[in-house]
Amino acid sequence: GLSLNLIETYSNCKCWFWFLVKSWATIRLQTGAKKPQPQMPRTPTANGIIERDETTMEKEIALLHRADFEFSHIFYFCRKGFEAIVEDEVTQRFSSEELLSWNLLTRTNVNFHYISLRLTVVWVIGVIVRYCFLLPLRFTLAAIGITSMIVGTTAVGQLPNSSVKNYLSEVVHLTCSRILVRALSGTIHYHNKENRPRKGGICVANHTSPIDAIILTNDGCYAMVGQVHGGLMGIIQRATVKACPHVWFERSEMKDRHLVTKRLREHVADKSKLPILIFPEGTCINNTSVMMFKKGSFEIGGTIYPVAIKYDPQFGDAFWNSSKYNIVSYLLRIMTSWAIVCNVWYLPPMVRKEDEDAVQFANRVRSAIARQGGLTELPWDGGLKRAKVKDTFKEEQQKNYSKMLVRNGSIGSLSAETESD
């Protein structure tokens, strides 16, 4: 009987103990909910997982108030190295943009994960619709558009040079481009059409995909600039150049910068020719940023017409990762998307100022495009997609650091002499 009483007493005490603990926890939760929670400062980050400090090396090390080299200086370089390891702001621009929510496409950087039966059924239905209904229709429209482009430009190219030939060439290019846009289920919104490029000018735009040219020629005709290709692309190039003054270069000529600049200047000098369409980045970027513009396009002279292109990745990823997919695989993925939705902004024309060089002019145009398109502006060369960082970039940072030490050392010596006097 005594044992049973002790066990019963223990059980009652245990129940009361847990009841008190539970009551105390409930009161604490209710009290905490009523208190205003501190708000974290919200700073705009460019789809990143870390918040970078944009303080320059000179300002950050100058805060240490040291005239000579100190071991604490290495903290700046260590932090920059850790930031690059955790999240490299350059190489991530060469892969597809990560989406905040799944768009029922397989075009993501994460492999398939089973979530629920209902969602899997919806995805399977989407696959059937995209591959069994949309793909055949889009392929048919694309075949019609490409065939019409080759036949139409070849026929127009047989006519003598005249205003009639130019008019018919523009009609063929516009019609075929619009058929090709329909083949992609393209929904394009053009803004500020009063700033559309005019003849004798140079149109520069950020580059995401080979279809950028089709997106722009859907609203106007341009003279393309590029390297001569083989296969189907070569057939299209040889046909279109007969009807329109495109500027195609052989591989050997592309290496001759002066020859390319000369031919482009001759084209721009003729105000009756179509505006040249150039993508100064030189490679495809995933439409989250604008990288360094090559200065060659801005040494030609003439009026620059900036254009900002921004795609909506929720309906389909227009970015071409050429190091991962060939052109056939890329086109298949594009034509099995839900749609290609994008906005195109025509910016006011810009002219090079007398006191700025080609690099400064290129940076000014790049900043305008990035600001209008809501893109991150990066000073890095898009050539890093396939090449390593040049030694000159490393040497430049070393020179800046050594100059800073010499400057601070001189100031420190001058302060010491003043105090001694």
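The values are calculated or read from the model by the stated rules, or taken from the named source; none is laboratory data. Note that the coordinates shown come from a computational prediction; the quantities given were computed from them, not determined experimentally. Here Cβ is always computed from backbone atoms with ideal geometry, including for glycine, and neighbour counts include all displayed protein chains. Just so you know, the surface numbers come from the protein's heavy atoms only, side chains and all, with ligands and any DNA or RNA stripped out. Shrake-Rupley method; radii C 1.70, N 1.55, O 1.52, S 1.80 Å.
With every protein chain in place and a 1.4 angstrom probe, the accessible-area ranking of 291, 233, 224, largest first, reads 233, 224, 291. Accessible area per residue was computed with a 1.4 Å probe on protein heavy atoms; residue 131 scores about 100 Å². The residue 295 and residue 123 beta-carbon pair, evaluated with R₀ = 60 Å, returns a calculated FRET efficiency of approximately 0.80.
Classify region 138-260 from the C-alpha gyration tensor, please: rounded if a/c falls under 1.5, else prolate or oblate depending on whether a/b exceeds b/c. Because its axes are fairly even, with a/c under 1.5, region 138-260 counts as rounded. Largest accessible area first, the residues 356, 377, 170 order themselves as 377, 170, 356 under a 1.4 Å probe with ligands, DNA and RNA left out.
For the residue pairs 294/388; 353/394; 295/399, the C-alpha atoms sit more than 19 angstrom apart in 353/394; 295/399. Distance between the modelled labels on residue 182 and residue 95, one decimal in nanometres: 3.9 nm (7 Å Cα→Cβ projection).
The charge dipole of region 219-335, taken about its Cα centre with unit charges on the Cβ of Lys, Arg, Asp and Glu (plus for the first two, minus for the last two), comes to roughly 260 debye. The Cα-based radius of gyration and maximum Cα-Cα distance (Dmax) for region 187-343 are 15.7, 44 Å.
Identify, among 192, 166, 153, the residue whose Cα sits farthest towards the positive end of the charge dipole of region 104-224, taking +1 on the Cβ of Lys and Arg and -1 on the Cβ of Asp and Glu, with the dipole about the Cα centre. The residue sitting most towards the positive pole is 192. Just to be sure I understand the model, the point goes 7 Å from the Cα along the line to the Cβ. What's the resulting residue 326 to residue 399 distance in nm? Reported label-point gap for residue 326 and residue 399 is 4.4 nm. Solvent exposure of region 332-376, expressed per residue, is 45 Å² of accessible area, with all protein chains present and a 1.4 angstrom probe.
Over what distance in Å are the Cα centres of region 208-252 and region 306-373 separated? If we compute the Cα centre of each part, the gap is 17 Å. Applying 1/(1 + (r/R0)^6) with r as the Cβ-Cβ distance of residue 263 and residue 116 and R0 = 45 angstrom yields a FRET efficiency of 0.15.
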